[in-house]
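Some notes on the structure that comes next.
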Amino acid sequence: MEVKANGPNDESGRIPDGPTNPMVTPLLTDLYQFTMAYAYWKAGKHQERAVFDLYFRKNPFGGEYTVFAGLEECIRFIANFKFTEDEISFRLRWTFGKA
């Protein structure tokens, strides 16, 4: 099986600009996702393609079905996923009580 590097697949070679909502940051994820991201990096697999699910546990607002919208925003978020120094410091303080 051939492993392909992460990155843009379109002919322009352009990664989409970041999320349009400035409140959307990598800090909105849970500890499991941090752990898995670290495991990929530690194993040297952070440049390989990865597959994941985007889901929620319950239909919002007590509904019986859900209409998904915003795929482009999700792609922008994933394509530009990175932590700033401030976000890393915050996460360390929150997790371990120190920076």
* To do: Could you list all residues from region 40-92 that are among the polar types (S, T, N, Q) and under 26 Å from residue 17 (Cβ atoms)?
  => 47, 80, 84, 89
* Could you run through region 4-30 and say how many residues are more than 14 Å from residue 78 (Cβ to Cβ), modelled with pLDDT of 75 or more and surrounded by fewer than 10 Cβ atoms within 10 Å (Cβ to Cβ)? => 3
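Among 40, 32, 55, which is among the aromatic types (Phe, Trp, Tyr), farther than 23 Å from residue 95 by Cβ and over 11 Å from the mean Cα position of the chain (by Cα)? Please lay out each step first, then the result.
Values: 40 fails: farther than 23 Å from residue 95 by Cβ; 32 fails: farther than 23 Å from residue 95 by Cβ.
Step by step, each of 40, 32, 55 is checked, and only 55 is among the aromatic types (Phe, Trp, Tyr), farther than 23 Å from residue 95 by Cβ and over 11 Å from the mean Cα position of the chain (by Cα).
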* Could you look through region 42-95, keep only residues that are among the aliphatic types (A, V, I, L, M) and in a helix (DSSP H, G or I), and pick out the one that is most open to solvent (accessible area, probe 1.4 Å)? => 71
* Residue satisfying all of: in region 51-99; acidic (Asp, Glu) and within 16 Å of residue 24 (Cβ to Cβ); modelled with the highest pLDDT among these -> 86
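The values are calculated or read from the model by the stated rules, or taken from the named source; none is laboratory data. Because the structure is a prediction, the values reported are computed rather than measured. Don't worry about glycine lacking a Cβ; one is built from the backbone with ideal geometry, like all the others, and counts go over all protein chains shown. These accessible areas exclude ligands, DNA and RNA; they are computed on the full protein's heavy atoms, side chains included. Shrake-Rupley method; radii C 1.70, N 1.55, O 1.52, S 1.80 Å.
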